[in-house]
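Single-structure report; data block below.
The values are calculated or read from the model by the stated rules, or taken from the named source; none is laboratory data. Note that the structure is a prediction, hence the values are computed from the model and not measured. When we count neighbours, we look across all protein chains shown, and the Cβ atoms used for this are built from the backbone with ideal geometry, even at glycine.
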Amino acid sequence: MAESHGIVIVGGGICGLATALALHRKGIASLVLEKSRVLRAEGAGIGIQANGWRTLEQLGVAAELRKTADLITTYQDVWLQGSKSTRDRYPVRTEFRCLNRKYLIEALAKELPAGAIRFGCRITAVHADTDGHGAVLTMADGTTMKAKVLIGCDGGTNSVVARYLGLPPIRTIPRPVLRGFTSYPHGHPFETEFLRLRVGDFFIGRLTITDNLVHFFITMAKPVTDAWLKNSDLRVVRDHMLKVMEDQQCPAEIIEVVRQSDPESLNLVRDFWYRPPWEVALRGFQKGAVTVAGDSMHAMGPFIGQGGSAGLEDAVVLARSLARAVGGAAAGEEKMIGEAIGAYVRERRLRLTLLSLESFIMGVLLVRSPSPVVKLACVAVLVLLGSRSLRHANFDCGRL
Ligand SMILES: Cc1cc2nc3c(=O)[nH]c(=O)nc-3n(C[C@H](O)[C@H](O)[C@H](O)COP(=O)(O)OP(=O)(O)OC[C@H]3O[C@@H](n4cnc5c(N)ncnc54)[C@H](O)[C@@H]3O)c2cc1C
C-alpha cells in the first residue's frame with residue numbers, strides 16, 4: 001500500500017520551505033520531501049529586496065533575519081575598460097539586505113512542525129493518480145507515495161514535477177559564478193553598498209552583510225573551458241580566478257576581498273539556468289492538483305537577483321489560494337483545489353513573465369555581446385519595465 005498524504009512539496013530549498021511555512025501559518029499541514037540528507041544552503045549570500053522582505057514578514061521570520069544583515073544603502077556601478085572608467089552611485093530606496101543563505105533556510109525550517117521535512121527522499125518519477133486528482137510519486141528506493149496535492153519546488157535544473165507537467169527542460173548558459181564570504185574581525189573598510197564592477201571579462205559583485213562580513217560573486221562575460229574550473233577543490237578555482245583577475249588588472253581592493261575569503265564558504269556554479277520569458281508567459285503550470293513554484297517554474301538566472309524572492313512570493317500566493325479550498329466540502333474539495341491552483345498560476349503569470357523578461361534582457365546585454373540594434377531594443381524594453389527604478393523590487397504580493 002502506498003503511503004498517502006494531503007499536500008506534498010518536492011524540494012526543501014528556499015521556495016519549498018517557504019511554501020510549507022506559508023501553509024503552516026494558514027493552519028494547513030504539508031510534507032516536504034528533500035533529496036539531501038540535511039538542509040541545503042549552497043551559494044553563500046543572497047540579496048533580498050523589498051518584495052522578498054514583505055513575504056518574509058508574512059511568513060513571520062523577517063525580524064529574526066534582519067538581525068543578521070544590515071541595510072545596503074547604495075548601489076555603486078563601476079566600469080573599467082583599459083584607460084576608460086565610469087562610476088555611478090545611487091541610493092537604495094527600499095529595503096535591501098544580503099542574507100547568509102544558511103540563515104534564511106534555517107529560519108524557514110525551524111518554524112515548521114517536527115516531521116514536516118523528510119530528508120534523503122529523492123523523487124525519481126511522478127505519475128497521475130488514477131484514483132483521484134493528485135499524483136503518485138516514486139522515490140529513489142522504489143517506494144511510492146500518493147499526494148492529493150503536489151507542489152514541485154525541486155529547483156531549476158532537473159525538476160521531476162516540471163517534467164510531469166510537460167514543461168521543456170531549463171536552458172543553460174555556460175558561465176562560471178564563484179561566490180563566497182570574507183570576514184573582517186576588526187571591521188571592513190567598505191560602505192554599506194552593493195558594488196557592481198565590470199572589468200575586463202569579469203563581472204564582480206560585493207555586498208556588505210554586517211560590519212564584519214562581506215559577500216562577493218565573480219562571473220565572466222565569456223565561457224571558460226580551462227581545466228582548473230573542473231577542480232573540485234574550490235581554493236584551486238579561486239586561486240586561478242585570482243590570477244586571471246590580476247592579469248586583467250582588476251582593482252587590488254577587490255582582489256584582496258577574494259583572496260581573503262573563507263575557503264569553507266566558497267561555492268561554484270558552472271552554468272546560469274533560466275526558463276525563457278515566453279515559456280513563463282505561455283506554458284501550462286498545472287495538471288489537476290499538481291503545480292510548480294520557485295525555480296522549477298521560472299528559473300531566471302542571477303541577472304536581477306530576484307529568483308529567490310520570486311519563489312518566496314509564489315509561496316505566499318499559493319498558500320493563500322490553497323487555504324480557500326483545503327478543508328472545503330468533501331464532495332467539492334478536489335474541484336476547489338484545482339481551481340485554487342489555477343488561480344495561483346493566473347495570479348503569478350504576469351509578474352513572473354515581466355521578471356523573467358527583465359532578467360533575460362539583462363542576460364542578453366551582459367553575456368551575449370549583442371549587435372547595436374539589439375542592444376538598443378534591449379535598453380528600450382528595460383526602460384519600459386522601469387528597471388533603473390528597480391520597480392520589480394518594490395512589488396507587494398499581498399498578505400498571506
Ligand atoms: C549565482 C546566483 C546568484 C543568485 N542571486 C540571487 C539573489 O541575489 N537574490 C535572489 O533572490 N535570487 C538569487 N538567485 C536565484 C536563487 O538562488 C534561486 O532562485 C533560488 O535558490 C531557487 O530556490 P528554489 O527553492 O526554487 O530551488 P532550489 O534552491 O534549487 O531548491 C530545490 C531543492 O529541491 C531539492 N530537489 C531537487 N530535486 C529533487 C528531487 N528529485 N527529489 C527531492 N528533492 C529534490 C534540492 O536538493 C533542493 O534542496 C541566484 C542564483 C544564482 C545561480
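Observations on the structure shown:
- For Thr182, the requirement of being among the polar types (S, T, N, Q), out of contact with any helix residue (DSSP H, G or I) (no Cβ under 6 Å at 6 or more places or on another chain), in the same structural domain as Glu264 (by TED's automatic domain parsing) and away from the ligand (no atom under 14 Å from the Cβ) is not met.
- Within segment 332-344, one or more residues are within 21 Å of the chain's Cα centre (by Cα) and modelled with pLDDT of 95 or more.
- Given (1) more than 16 Å from the ligand (Cβ to nearest atom); (2) closer than 30 Å to Phe190 by Cβ; (3) not acidic (Asp, Glu), number of the condition Lys102 does not satisfy: (1)
- Segment 303-317, subset touching a helix residue (DSSP H, G or I) at 6+ places or on another chain (Cβ under 8 Å) and farther than 16 Å from Gly13 by Cα, residue surrounded by the fewest Cβ atoms within 10 Å (Cβ to Cβ): Phe303
- Residue match in segment 47-69 (condition: among the small types (Gly, Ala, Ser), away from the ligand (no atom under 12 Å from the Cβ), free of Cβ contacts under 8 Å to residues at least 24 places away in the same chain and in the same structural domain as Leu150 (by TED's automatic domain parsing)): yes
- Of all residues in segment 243-266 being surrounded by 18 or more Cβ atoms within 10 Å (Cβ to Cβ) and at pLDDT 95 or above, the one that is nearest to Lys84 (Cα to Cα): Ile254
- The set of residues from segment 19-38 being out of contact with any strand residue (DSSP E or B) (no Cβ under 7 Å at 6 or more places or on another chain) and near the ligand (Cβ under 8 Å from one of its atoms) comprises Lys35, Ser36.
- The lone exception for Thr86 - which of (1) exposed (fewer than 13 other Cβ atoms within 10 Å of the Cβ); (2) in contact with a Ser or Thr (Cβ under 9 Å, 6 or more places away or on another chain) it fails: (2)
- One residue from Val10, Val38, Val78 being outside the structural domain of Thr144 (by TED's automatic domain parsing) and either farther than 26 Å from Lys148 by Cβ or under 19 Å from the mean Cα position of the chain (by Cα) (or both): Val78
- Filtered residues of segment 83-139 (kept if among the aliphatic types (A, V, I, L, M), over 27 Å from Arg37 (Cβ atoms) and assigned by TED's automatic domain parsing to the domain that holds Ser159): Ala128
- Among the residues of this structure, Gly342 does not count as one that is in contact with a His (Cβ under 7 Å, 6 or more places away or on another chain) and either within 16 Å of the ligand (Cβ to nearest atom) or farther than 30 Å from Leu197 by Cβ (or both).
- Note on segment 83-134: residues that are aromatic (Phe, Trp, Tyr) and either over 24 Å from Gly16 (Cβ atoms) or part of a strand (DSSP E or B) (or both) amount to 2.
- When each of Gly115, Gly134, Gly156, Gly187 is tested for being away from the ligand (no atom under 14 Å from the Cβ) and modelled with pLDDT under 95, the lone residue that passes is Gly134.
- Neighbours by Cβ (under 8 Å, 6+ apart or cross-chain): first from segment 376-387, under 13 Å from Leu355 (Cα atoms); second surrounded by fewer than 13 Cβ atoms within 10 Å (Cβ to Cβ) and modelled with pLDDT under 90: Leu382/Arg388; Leu385/Arg391
- Residues of segment 167-200 classified as among the charged types (D, E, K, R) and within 11 Å of Phe217 (Cα to Cα), total: 2
- Within segment 371-396, being surrounded by 14 or more Cβ atoms within 10 Å (Cβ to Cβ), at pLDDT 90 or above and part of a loop (DSSP other than H, G, I, E, B) holds for one residue alone: Phe395.
- Residue within segment 272-290 that is within 15 Å of the ligand (Cβ to nearest atom), part of a loop (DSSP other than H, G, I, E, B) and not hydroxyl-bearing (Ser, Thr, Tyr) present: yes
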